[in-house]
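What follows is a short report on a single structure.
Where a number appears in this text, it was derived from the coordinates with a stated rule and is not lab data. Small disclaimer: the values here were computed from a predicted structure and weren't measured. Heads up, the Cβs are rebuilt from the backbone with ideal geometry, glycines too, and the neighbour counts pull from every protein chain shown.
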Amino acid sequence: MFGILIRLAMHDVIVLGVGTFGAAACEALARGGAKVLGLEQFSVAHNRGSHHGKSRMFRMAYYEHPDYVPLLQRAHEGWKALESRSGVRLFHEVGALYLGHPQSELMAGSLEAARRHGLAHRVLSRADLAREFPPFHVPDDHAGFLERRAGFVLPELAIETMVDLARRSGATVLEGARVKGWTADGGSVTVHTESAAYSARALIVTAGAWSGRLIADLGVPLVVTRQVLGWVQPASDEPFRNDGEGNGFPCWALGYADGSLHYGFPIMPGESALKIALHARGVEADPDRLDRTITPDDEATFRSVMGVLPGARGPTVRTCVCMYTNSPDGHFIIDRHPRHTNVWLACGFSGHGFKFAPAIGGAMADLAMRGRTDLPIEFLSMKRFRS
Ligand SMILES: Cc1cc2nc3c(=O)[nH]c(=O)nc-3n(C[C@H](O)[C@H](O)[C@H](O)COP(=O)(O)OP(=O)(O)OC[C@H]3O[C@@H](n4cnc5c(N)ncnc54)[C@H](O)[C@@H]3O)c2cc1C
């Protein structure tokens, strides 16, 4: 009923969706010697999912929950290891500055994560901020939190690099291969694209915004939202520049009382525009019918931070629309399928997953091959929705 061609070769693992986590899982599986097949509906690194836009922030003092810190420590090692295996620079450790009222989720949560895990950081008073980071004009009751072991990753290049490494270790990654459905029994899975069917001992589903459709019986609602990013051209770009070695303007985030935050990146050598965005749940969207037209409201939303960053005023020079896949509590979902023991899921990254890719990709590879991982991800299982 599905395909016209049955591929009989049995793989160890099929990875459904080769975006952020699928690329990382393919790389880890292939490096470990598994026979892996990755199926991607578009191309490797594209602009129709959740991983485009040139930069993704990496933070260590994780305000969302301190339990993420061990995963971030593993991810930090993972990015460095990927860089040395590939010879490609993927991670720019330019530091990150968080700003807000000391009681805000961002500030209180970052401090809690840093204290609990002994992470190097500095707390800055408003006077410190004015002296050391003059571009920011924050309200009187705001403070700063600075961590140096933070920065940003280049997402498209990272995905291309992980897939390249996976292929060099023997993985097959097919592009333009849209999965229509899959079936599983205890010992094998069969995955159907429009033109073929493939089988493997295990399946990893890393389908991002399309996950809800592919695992309809998950029992946990995933809400896809439309998110907008913007680049502005400041009158003077000098205050926003970083030399690429961590000197100069850092990554930053400004937290608000409702839990949302504006955030942004430095202008790096060879660039001239300043990237800013609002991290807040956008309008619900269908991943196959995403509205990519930028409205005046979209622009006003990311530009509304200009009161705090007045030197950034200048024309909007670029925008892009991306998607979050939100879990009910904003935390990731990494688990075995509730009914199929050889199907593993990594989804619901809720707009903050990219930085974890090497750690979670490695854990997915271990789960699919051995049924267990030493990465402490129990808190991300679906059990939490049942209690
Ligand atoms: C605007 C924006 C800003 C962000 N900023 C940050 C940040 O600063 N730091 C951070 O850590 N995170 C950030 N994130 C979040 C991060 O980018 C995502 O959590 C992460 O990219 C999600 O990865 P994924 O693998 O789930 O999805 P994707 O990377 O989109 O991969 C899913 C893949 O599955 C494929 N697929 C789906 N269905 C099928 C099918 N049926 N057949 C074949 N292939 C299929 C898709 O085409 C896609 O390539 C941001 C996200 C957005 C949108």
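Data table
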| item | result |
| --- | --- |
| The stretch 175-271: antiparallel DSSP beta bridges as a percent of all, rounded to 5 | 95 |
| Degrees, to the nearest 10: 105-117 long Cα axis against longest axis of the chain | 70 |
| ³J(HN,Hα), Karplus 6.51/-1.76/1.60, whole Hz, each residue of the stretch 134-145, x for Gly, Pro | x, x, 8, 10, 8, x, 4, 8, 8, 10, x, 9 |
| Estimated FRET transfer efficiency (D329, D258; beta-carbon r; R0 22 Å; 0.05) | 0.85 |
| Least to most buried among V308, V18 (fewest other Cβ within 10 Å first) | V308, V18 |
| FRET efficiency for H137 and E77, using Cβ-Cβ distance with R0 set to 51 Å, rounded to 0.05 | 0.85 |
| Cβ-derived FRET efficiency at R0 25 Å, R89 paired with A130, nearest 0.05 | 0.15 |
| Of K54/K180; K54/K383; K35/K275, pairs whose Cα-Cα distance is over 32 Å | K54/K383; K35/K275 |
| On Cα atoms only, tilt of 155-168 relative to the major axis of the chain in degrees | 30 |
| Residues in the stretch 334-364 reached by a label modelled at E284 [backbone nitrogen below 18 Å; 7 Å Cα→Cβ] | 348-351 |
| ³J(HN,Hα) computed for each position of the stretch 277-283 - Karplus, 6.51 cos²θ - 1.76 cosθ + 1.60, integer Hz, glycine/proline x | 7, 10, 9, 7, 5, x, 6 |
| Convex hull projection area averaged over all views, the stretch 257-387, Cα basis, nm² | 11.7 |
| Descending semi-axes in Å of the stretch 31-185, equivalent ellipsoid built from Cα gyration tensor | 38, 16, 16 |
| Relative contact order %, the stretch 245-305, counting alpha carbon pairs below 8 Å whose residues are six or more apart | 24 |
| Along principal axes, Cα extents of the stretch 201-287, largest first, whole Å | 52, 37, 20 |
| Fewest-first ranking of C251, C322, using other Cβ atoms within 10 Å as the exposure measure | C322, C251 |
| Alpha-carbon centroids, the stretch 95-134 and the stretch 205-267: separation in whole Å | 19 |
| Relative contact order (%) - the chain, alpha-carbon pairs under 8 angstrom, separation at least six | 25 |
| Kirkwood hydrodynamic radius (C-alpha pairs) into Stokes-Einstein, the stretch 318-387, 4 °C and 1.567 mPa s, D in µm²/s | 99 |
| Fewest-first sequence of T316, T190, T341 by Cβ atoms within 10 Å of each Cβ | T341, T316, T190 |
| Degrees separating the helix 69-86 axis from the principal Cα axis of the chain, which is the longest one | 80 |
| Helical mean residue ellipticity (222 nm; -39500 (n - 2.57) per DSSP H run of 4+; nearest 500) of the chain | -7000 deg cm²/dmol |
| For the stretch 171-320, the Rg and Dmax computed from alpha carbons only, in angstrom | 21.0, 62 |
| Computed over the stretch 1-106, Cα set: Rg, Dmax in Å | 18.2, 61 |
| Coordinate range along principal axes, alpha carbons of the chain, Å, largest first | 66, 43, 43 |
